[in-house]
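Heads up: the structure comes next, in structure tokens.
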Amino acid sequence: MERIEDQPGRAGRTSFWRRESSKAAAAFLAVWGACVAFLAIAGGNFLFPISSLVLFGVVLTGLIVFLTRKTLAPSVPVELPKRESLVLLLYVLVYALLIFGPLSGMLRSSFSPGRVQELVMLAYKLAVHVAMPILLIHLAGGHIRGILDAGIGRRGVLPTLAIVSAFMIVAVAMLNSIFEELGASGLSMLAIWGWIAITWFWYSLEVGVTEEFLFRGLLQSRLTAWFRSGPVAIVASSVIFALAHVPTFYLRGGEEVAKQAASLPQIIALAVAALAPISIMMGTLWHRTRSFALVVLVHGAIDTMPGVKEMIRIWG
């Protein structure tokens, strides 16, 4: 049995934007462009996906490539790339249509909004994103070695964490006037930053650990080994990541989603066009650093400011 390693290598880093990457980028832009064109024709929100591509897919991804240009990422050994990839893809399909769609909604509605509901949903997310996939990988003959490496000490990781996380927290706060709203609530600046830190920690655990373990640590690593291509795996896992969120948006999107996409086809197009560029950025982080702590904390930083007021309401 041949073991294949998910290993970017020096050649993979220096050729990231060369022919192989260009083909993957062209394929992604074709899919993204079709989704944006459909949204524009159907009357959906096509401006948000454009800003998402520019910010996450171009600016921040380019910044990450620069900051990690000297990072030496270790390999992630994958025993049976094709089998493990297919098992995970099947699981993601069930996950999207049942586990994290209707079942998640039913579980959430069984508890009143508050601390108990939050803790129950955290346990559920850890079970369906981490425990169950680990079991499936082991049943398929694989393992998870190399995924949970924190990697904080690698060259370029800490500067990347500090710059990208700070940018996400401050930029989102300024665009949505969150600092002003929190200040108007009577909280001191020290208390505000304390709650931001607590919220960052919570979302790094609830969303960062869960989604990054499944979609980057497990799925992207196996697709990289199967296709023998980091860029192809980044694009493929990013589209899959976006599509996996469609049932949740459709079932629990409510008024905010309805304002941007009025039908299921529009929601699919919006999810791919808006979320896939974010996943491209996260996939690039993982491919170039293999730092699980980095992708977890950056993912948590992306969700921190939209959730800080809710965090104060529940836990304050």
Candidates A191, A244, A236 - the one that is open to solvent by less than 60 Å² (accessible area, probe 1.4 Å), touching a Leu at 6+ places or on another chain (Cβ under 6 Å), more than 15 Å from L285 (Cβ to Cβ) and of a type outside the set (V, I, T): A236
Options L97, L136, L119; residue that is hydrophobic (A, V, I, L, M, F, W, C), open to solvent by 80 Å² or more (accessible area, probe 1.4 Å) and at pLDDT 95 or above: L119
Some residue of the stretch 152-163 being open to solvent by 20 Å² or more (accessible area, probe 1.4 Å), among the aliphatic types (A, V, I, L, M), touching a helix residue (DSSP H, G or I) at 6+ places or on another chain (Cβ under 7 Å) and assigned to a loop (DSSP other than H, G, I, E, B): yes
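Residue by residue, here is whether (1) at pLDDT 95 or above; (2) assigned to a helix (DSSP H, G or I) holds:
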| position | (1), (2) |
| --- | --- |
| A11 | no, yes |
| W17 | no, no |
| A24 | no, yes |
| F28 | yes, yes |
| F38 | yes, yes |
| G44 | no, no |
| I50 | yes, yes |
Boolean, R228 is open to solvent by 40 Å² or more (accessible area, probe 1.4 Å) and in contact with a Pro (Cβ under 9 Å, 6 or more places away or on another chain): yes
Candidates A242, A261 - the one that is out of contact with any Phe, Trp or Tyr (no Cβ under 6 Å at 6 or more places or on another chain), free of Cβ contacts under 8 Å to residues at least 60 places away in the same chain and of a type outside the set (D, E): A242
Leading residue by the ranking (farthest from the chain's Cα centre (by Cα)) among those in the stretch 175-185 that are part of a helix (DSSP H, G or I) and farther than 17 Å from F56 by Cα: A184
Breaking point among (1) open to solvent by 10 Å² or more (accessible area, probe 1.4 Å); (2) in contact with a strand residue (DSSP E or B) (Cβ under 9 Å, 6 or more places away or on another chain); (3) of a type in the set (G, A, S), for S263: (2)
Those residues of the stretch 298-316 which are among the small types (G, A, S) and either open to solvent by less than 10 Å² (accessible area, probe 1.4 Å) or part of a helix (DSSP H, G or I) (or both), in sequence order: G300, A301, G307
Selected residue [at pLDDT below 95 and crowded, with 22+ Cβ neighbours inside 10 Å] from L294, L270, L285: L270
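The values are calculated or read from the model by the stated rules, or taken from the named source; none is laboratory data. Being a predicted model, the structure only gives us computed values, none of them experimental. Cβ atoms come from the backbone with ideal geometry, glycine included; neighbour counts cover every protein chain shown. All accessible areas refer to the heavy atoms of the entire protein, side chains included, with ligands and DNA or RNA removed. Shrake-Rupley method; radii C 1.70, N 1.55, O 1.52, S 1.80 Å.
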